[in-house]
Structures are given as structure tokens and as C-alpha cells.
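Visitor: Pasting in a structure now, in C-alpha cells, and then I'll have a few things to ask.
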Amino acid sequence: MDLRANVPDGPIEKKWTKHRADMKLVNPANKRKYTVLVVGTGLAGGAGAASLAELGYDVKAFCYQDSARRAHSIAAQGGINAAKNYQNDGDSIWRLFYDTVKGGDFRAREANVYRLAELSVNIIDQCVAQGVPFAREYGGLLANRSFGGAQVSRTFYARGQTGQQLLLGAYQALERQVGLGKIAMYPRHEMQDVIVVDGRARGIVVRDMVTGEIESHLGDAVVLATGGYGNVYFLSTNAKGCNTTAIWRAYKKGAAFANPCYTQIHPTCIPVSGEYQSKLTLMSESLRNDGRIWVPKKENDARKANEIPQDERDYYLERKYPSFGNLCPRDIASRAAKQVCDEGRGVGPTKLGVYLDFADAIRRLGEDAIREKYGNLFEMYERITDDNPYKVPMRIFPAVHYTMGGLWVDYDLMSTLPGLHVAGEANFSDHGANRLGASALMQGLADGYFILPATIGNYLGGTKLDKVAADHPDVKKAESDVMARNASLLNIKGKRTPTSFHRELGKIMWDDCGMARNDKGLRAALEKIPTLREEFWQNVNVLGDGQELNQSLEQAGRVADFLELAELMCEDALERRESCGGHFREEFQTEDGEAVRDDRQFCHVAAWEYTGPDRPPKRNVEPLHFENVHLATRSYK
């Protein structure tokens, strides 16, 4: 497999400008002759579809939700980073670039990250013009707050609902184009396969989730903006519908899958409370601006939090990382929480929790000020736990939140399957081995509003594409494969529900490929997962039939894909014999528990290639070159 990143030559600060100047253009009168299929309508997909339609392309947009505005981007709470330097605290595009590369533990492509930082300032302008109600200072300027891994305040926010407000901005742009007839919207349609003709992505096969009808849609380019795959762990902060099906089916059609083992475990989530749970709840990282994290110094301390005096509390992040304190990056904060719980100092009924305490901030700023900044988050916490966080500390524990791995893309966000572009969390490109807080929204909107509209035009302007007929053999073959797969699931009629398999898979992944991994555990997982998958295909029970609304069939199809992806994640984690970012191998750590990278062996992107059923995937490598920052041991002390 040829992994050409296609990064332009020249100084890093001029690459994107020069590249845009060199791109092929499509005549405005010709744009309406092209159809672009966009799968996913979150920030990346919604912004991309709206921008492409605004340029004049015909767009078809697909989502499995009943409305584009229900995409999971809506759940993002804390904010979006941008190098505006409104605080005059030393921020710049360069500093945002460096913080992001360092935060990702030097496992991201430099040129992509710099472009992301460069575009961040445009994103805020775009969103303000759309009417996104960012918080403002008394004088009228947009307000900023701090997030993990940075010593400047560059995070723009709208209380604890930033994702929702940004998505409403993208949604109204999308709906404007729907109203103008430039976007055909297909809600409640789930992508089941990519149609490849003459080696290029030319369409998709979808299932109408209401009628069960299998449909093909053809176009000139395909965009996947379908989010991450954290639900492979069953319990995560993702919405229950989030899945890997679109990118996994694309992987099996020729798109390489990069760094699948890079998973982000978010440090501030409400702890698991019982076996019945199917979903975990995030508490925004922004809370760490004012909340202090601590555990009792004494093991198995059964006293209530407010009964433990100050000198018997361990503010372990402030102690271990005095430069960044409670705002150290997510991977580091999560591992530190696990470490104190492993020492027997965890809190709450399960002892898998630490305190996030606002008592000092309330004394310093007043309860009203805290309510104004975090009121909706405090209310959500109280409704779920029945504890009042204004009176007693929150209890939090790490949970699966985001995946930095995804389909491999070049500088133009095109995968190894020509014509297939991948945006947002669905690709691997910008965050390395660990994403900094408030950078996901930044990437989604950079990809959607600014990069795809340029690079897809470059692809279409430089590629001769013949029309594909609806009865083309490759189209009919993709349709028949989808129908056969769904029929197979319906005909098994076994004894176990798809959920029971998913829950068991999630436990394997959390135990053996979770916050900490080791050789023994990963090898054990690689034995258990194929066995579980074999049982799934013999014993799953899918209710109903395919010609109707059938959530059992939807779920079974997604679990089947998770069962394959999970094996690739463990293979990738086993092969990467180093610790970096969210990938922490217990064999590779310092005496005080910090990650040990191996830049000589693993300073690269691992891009896995599908080679066929019952054949091992092939591991390809894209070396990472750092010409503008120096590889260094990451330190937040």
C-alpha cells in the first residue's frame, strides 16, 4: 500500500496557503454537475455538506438519526480552541500548534496540526457570523477559559453546551441549503457499504431504517464524517448509536485504518454504578478550571468527604504536576486517577472514583459565579447522582470518550481509496496519540468548513470521472452483499441478544486494551475475541425481519463490526511496543509511572490494510518527520 501523505513543500506556515493556490478549480457552472455524498451530519459532516452546497455542488447528506441536529457533536460540553489570543496571555498559532503536537505525544503529522491551528481563528469568526452565542466578557469580547495541556486561555465556550450551539450553527447552514434544493437530506438512513468502481469510491449502499429498503446512491466523491468508535468498549460517553460501521466497511473496501489502538479515556466522568448501565456520562473538562481533584491520603478511608481534614487529603495532580496541576492532559490525569484507586485510595461505593471539589472556588468566587459558569453541568450531575455538588465534592472516574485512530488520510483528507474523503473523528489525522480538550470541535469544523470544500474541488477538478449506471455490476454486487449479510444475521436465530455479546466484548476490551495494556493481556484478548465472534455468528438472536423498523438488526450489524475492529485494535496495541498518549503499555513506563516512548522504533503512523476474510491484516507505516518541533519527553511537571 502506498501511503503518500502529499504534504506540500515549503515552510510550515505557508504550506496550506501555497497548496490552496496550486489546487485545481472547478468552474462555477460545472459544479452543479457533480454530486458529493456526505455520510454523517455532525460538525464535520454538517459543515462540510453546507459548505460544498454553498459552493454549488449537489450534495446528498445521510445520517442515522431522525434529524441532522441530533448528531453526537451536540453532546460536546466544554468548548472549542482557537489561537485568537484575546487574553493577551502569550497565545499564538505556533503555540497552539506546539501544544497539540506535544499533547498528542509527538505522534501526529506536523503539517496537518499546523493547518488546524491556523484555521482555528477563522472558525470562531465563521461561528460568530452564524450567531453562535459564545460567552462574553463584561466589555463585550468573547470570553475564554483554560483546558488541559495548555498554559493559556484559548477555549471559547457557550456555558456547558458548546457542541450544541456550534451544531445549531452548522445545522442552520445545512438546512438553508436543503431549502434551496442543493442538499437532499436522508435522515434515518444507515450506510452499509461503499461502492467502488474502477478503484474509486463512487457511491454508498444504505438501509432505510424505517422501511428496511436497501438503496444505492451514486456520486462523484464520498465523504465519511461518522465519528469515532469508542462504543467498542460498550460503556463509554458516546451516544448509544455511535458505531464503527461506515469506516469499518470502508476499511474492508480498501481504506487503510490508522492507529486503531489510540483511545482516549476521559478523566472526568460519573463513575459506573452498576451492571445495568449501558451508558456513561461525561462531566466537562472545563470543570477542572475551578475544581480540585483529590483522594484521601489513607487507604480505605470510609469517612465522608467533608469529614476529611485538609492535611489528610492528597491533591495528587497538583502534587505530581505543579506546572499544570489539575489541568494536565487527559491521558495523564486518567492514569493518575487509576493509580490512586489501585493503591486503595479510591472513593465511593465501588472505590473507583476520585473527588472533584469546588469548595475553594465557591469560597473564592461565590456560588452564583460558579453557577453561572457551570450551572447546567452541576444540575446534570445532581439529577444523575442525587448529590448536590455545591455542597459535597463530585465523584468522578475515567471513561472511554474519544478515539484518535481512524481511517488514514493524506493532507487533503482523502483515504487510500481514491474519492473517499474522511473528516472529523472518523479520520486519524490531527491528534496523535492523545487529543487535547476542546480540540475535537476545532478539527470537525476546520475539516468541514475550510478543508473539504477546497480539497474535494481539487480532486474533482483533476480527475476524469465517467458516469456510473445504477445497474453497474459493482453497484449490484455491493447491494447483494449487504442484503446477504443482513439475511445471515436474521437467519441465525440463536439464544443471545446482540447486547449480551456487546457487553462481553466491552469487558474484554476494558480489561485488556483499556487504560493500561500489557503483552499478556493483549494476547489473551486476541484469543477471546475470535472465539466470541464465532459464537456471535452461531448464536445471536436477531428479532423481526429486514423489511421494517428493526433496531435488533441495526444493533447486530454494528456489534458484528465491533467484534472485528476490536481484534485489530488489540493487534495494533500489541505491535506498538511503547507507551504514548492514550496507549499505555505497562512494560514501558518510568519508575514513577510516566509513559516511555520509543521514537527510534515507533515514530510513525501504523496504517492497517485489509487483505481479505480469514487473512491477517497487513501493517503499513507512514514515518513521521518533525522538522519544526523537537521530539522530547513530554513533561507537565
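Visitor: Where the centroid of each part is defined by its Cα atoms, how far is segment 505-549 from segment 574-637 in Å?
Guide: 24
Visitor: Enter the mean projected area of the convex hull around the alpha-carbon atoms of segment 252-394, in nm², rounded to one decimal.
Guide: Working: hull surface 45.2 nm².
That works out to 11.3 nm², a quarter of the Cα hull's surface.
Visitor: Round to a whole number: what % of the accessible area of the chain belongs to carbon and sulfur, probe 1.4 Å?
Guide: C and S fraction of accessible area: 48 percent.
Visitor: Still on this structure, please answer the following. Please report the projected area of segment 131-229's Cα convex hull averaged over all directions, in nm². Please report the intermediate quantities before stating the final value.
Guide: Details: hull surface 42.3 nm².
Its Cα hull, projected and averaged over all orientations, spans 10.6 nm².
Visitor: Starting from the eigenvalues of the Cα gyration tensor, five times each then square-rooted, give me the equivalent ellipsoid semi-axes of segment 499-543, largest first, whole Å.
Guide: Output for segment 499-543: semi-axes of 23, 12, 4 Å.
Visitor: Express the accessible area of the chain per residue in Å², computed with a 1.4 Å probe while the remaining protein chains stay in the model. Provide the component values of the computation, followed by the final result.
Guide: On the way: 24430 Å² over 637 residues.
Spelled out: the 1.4 Å probe surface of the chain, per residue, equals 38 Å².
Visitor: If you rank Lys495, Lys18, Lys182 by how much accessible surface each has, with a 1.4 Å probe, what is the order from largest down? Let's see the in-between values first.
Guide: Values: Lys495 180, Lys18 100, Lys182 45 Å².
Descending accessible area places them as Lys495, Lys18, Lys182.
Visitor: Work out the length of the dipole vector of segment 160-275 about its Cα centre, built from +1 on the beta-carbon of each Lys and Arg and -1 on the beta-carbon of each Asp and Glu, and round it to the nearest 20 debye.
Guide: Working: 10 positive and 9 negative charges, 40 e Å.
For this selection, approximately 200 debye.
Visitor: Then there is this: Hey, rough spin-label estimate for Glu372 and Arg176, points 7 angstrom out along Cα→Cβ, what's it come to in nanometres?
Guide: Label at Glu372, label at Arg176, 3.2 nm between them.
Visitor: Further, regarding this structure: How far, in nm, would the chain grow between Leu631 and Arg577 when pulled straight, counting 0.36 nm per residue and subtracting the alpha carbon separation? Spell out each step's value before the answer.
Guide: Numbers: separation 54, 0.36 × 54 = 19.44 nm, distance 1.79 nm.
Between Leu631 and Arg577, full extension yields 17.6 nm more.
Visitor: Among all the lysines, which ones have a C-alpha under 16 Å from Lys240's C-alpha, if same-chain residues fewer than 8 places away are not counted?
Guide: Partners found: Lys279.
Visitor: Treating the Cα atoms of the chain as identical point scatterers in vacuum, please give the log10 of the normalised Debye intensity I(q)/I(0) at q = 0.06, 0.08, 0.11 Å⁻¹, two decimals.
Guide: For the chain, the Cα-only Debye profile gives -0.30, -0.55, -1.08.
Visitor: Next question. What is the gain in length, in nm to one decimal, between Asp2 and Asp66 on full extension, counting 0.36 nm per residue of separation less the C-alpha to C-alpha distance? Please report the intermediate quantities before stating the final value.
Guide: Numbers: separation 64, 0.36 × 64 = 23.04 nm, distance 3.88 nm.
Difference between extended and current length: 19.2 nm.
Visitor: Just round it to a whole percent: the fraction of Cα-Cα distances in segment 428-561 exceeding 22 Å.
Guide: Working: 5720 of 8911 pairs.
Value for segment 428-561: 64 percent of Cα pairs lie more than 22 Å apart.
Visitor: Taking R0 as 60 Å, what FRET efficiency do you get between Gln601 and Asp474 from their Cβ-Cβ distance, rounded to the nearest 0.05?
Guide: 0.90
Visitor: As a test of reading the structure, rank Phe397, Phe588, Phe378 by solvent-accessible area (1.4 Å probe, protein chains only), most first. Mind showing how you got there, number by number?
Guide: Details: Phe397 25, Phe588 60, Phe378 0 Å².
Output order, biggest surface exposure first: Phe588, Phe397, Phe378.
Visitor: Taking 2.2 N^0.38 Å as the expected size of a compact globular protein, what ratio does the Cα radius of gyration of segment 521-637 give against it, to two decimals? If you can, show how the numbers build up before the last one.
Guide: Numbers: Rg = 19.3 Å, N = 117, 2.2 N^0.38 = 13.4 Å.
For segment 521-637, the normalised Cα radius of gyration comes out at 1.44.
Visitor: Estimate the FRET efficiency between Glu548 and Ser273 by the formula 1/(1 + (r/R0)^6), using the beta-carbon distance for r and 35 Å for R0, to the nearest 0.05. List each step's numbers first, then the result.
Guide: Values: r = 35 Å, r/R0 = 1.00.
Efficiency for this residue pair is about 0.50.
Visitor: Can you give the helix-only mean residue ellipticity at 222 nm for the chain, where every DSSP H stretch with n ≥ 4 adds -39500 (n - 2.57) and the sum goes over all residues, rounded to the nearest 500 deg cm²/dmol? Walk me through the numbers before you get to the answer.
Guide: Numbers: 18 runs with 228 residues, N = 637.
Estimated from H runs of four or more residues: -11500 deg cm²/dmol.
Visitor: Of Ile204, Gln555, Phe536, whose Cα points farthest to the positive end of the dipole of the chain (charges on the beta-carbon: +1 Lys, Arg; -1 Asp, Glu; origin at the Cα centre)?
Guide: Ile204
Visitor: Any idea what the relative contact order of the chain is, in percent, if you count C-alpha pairs under 8 Å spaced at least 6 apart?
Guide: Working: 1389 pairs, mean separation 128.0, N = 637.
Reported as a whole number, the value is 20 percent.
Visitor: Only Lys, Arg, Asp and Glu count, each charged at its Cβ (+1, +1, -1, -1), so figure out the dipole size of segment 344-396 about its Cα centre, rounded to 20 debye. It would help to have the intermediate numbers written out before the result.
Guide: Numbers: 9 positive and 9 negative charges, 54 e Å.
The calculation lands at about 260 debye.
Visitor: Further question on the same structure: Place the peptides 275-282, 221-228 in order of packing, highest mean first, counting for every residue the other Cβ atoms within 10 Å and averaging per peptide. Numbers along the way, then the final one.
Guide: Working: 275-282: 13.4, 221-228: 30.5.
Taking the mean over residues of other Cβ atoms within 10 Å, the ranking is 221-228, 275-282.
Visitor: From the square roots a ≥ b ≥ c of the eigenvalues of the alpha-carbon gyration tensor of segment 1-151, which class results: rounded (a/c under 1.5), prolate (a/b over b/c), or oblate?
Guide: On the way: a/c = 1.70, a/b = 1.20, b/c = 1.41.
Cα axes put segment 1-151 in the oblate bin.
Visitor: Round to a whole angstrom and tell me the spacing of the C-alpha centers of segment 238-303 and segment 393-448.
Guide: Cα centroid to Cα centroid, the span is 15 Å.
Visitor: With θ taken as phi - 60° and the coefficients 6.51, -1.76 and 1.60, list the Karplus ³J(HN,Hα) couplings across segment 623-636 in order, rounded to whole Hz; mark glycine and proline as x.
Guide: x, 9, 10, 10, 9, 10, 10, 9, 4, 8, 5, 5, 9, 10
Visitor: With r defined as the distance between the Cβ atoms of Asp592 and Lys464 and R0 fixed at 60 Å, what FRET efficiency is calculated, to the nearest 0.05?
Guide: After rounding, the FRET efficiency stands at 0.55.
Visitor: Next question. Where does segment 24-110 land on Rg/Rh, using Cα atoms and the Kirkwood Rh? Don't skip to the answer; put the middle values down first.
Guide: Working: Rg = 17.9 Å, Rh = 16.2 Å.
In segment 24-110, Rg relative to Rh is 1.10.
Visitor: Sequence-distant or interchain residues sharing an amide H contact under 5 Å with Lys297, placed H: which?
Guide: Answer set, sorted by chain and number: Arg313, Asp314.
Visitor: Something else about it: Let me test this: with uniform point scatterers at the alpha carbons of segment 201-326, what is the Debye-based log₁₀ I(q)/I(0) at q = 0.14, 0.16, 0.17 1/Å?
Guide: After summing over all Cα pairs, the log10 values are -0.87, -1.01, -1.08.
Visitor: Of Val392, Gly79, Gly179, which is farthest on the positive side of the dipole of the chain, counting Cα position, with +1 on Lys and Arg Cβ, -1 on Asp and Glu Cβ, and the Cα centre as origin?
Guide: Gly179
The values are calculated or read from the model by the stated rules, or taken from the named source; none is laboratory data. Keep in mind that this is a model prediction, so the values were computed, not measured. Because the Cβ atoms are built from the backbone with ideal geometry, glycine has one as well, and the counts that use them run over all protein chains shown. All accessible areas refer to the heavy atoms of the entire protein, side chains included, with ligands and DNA or RNA removed. Shrake-Rupley method; radii C 1.70, N 1.55, O 1.52, S 1.80 Å.
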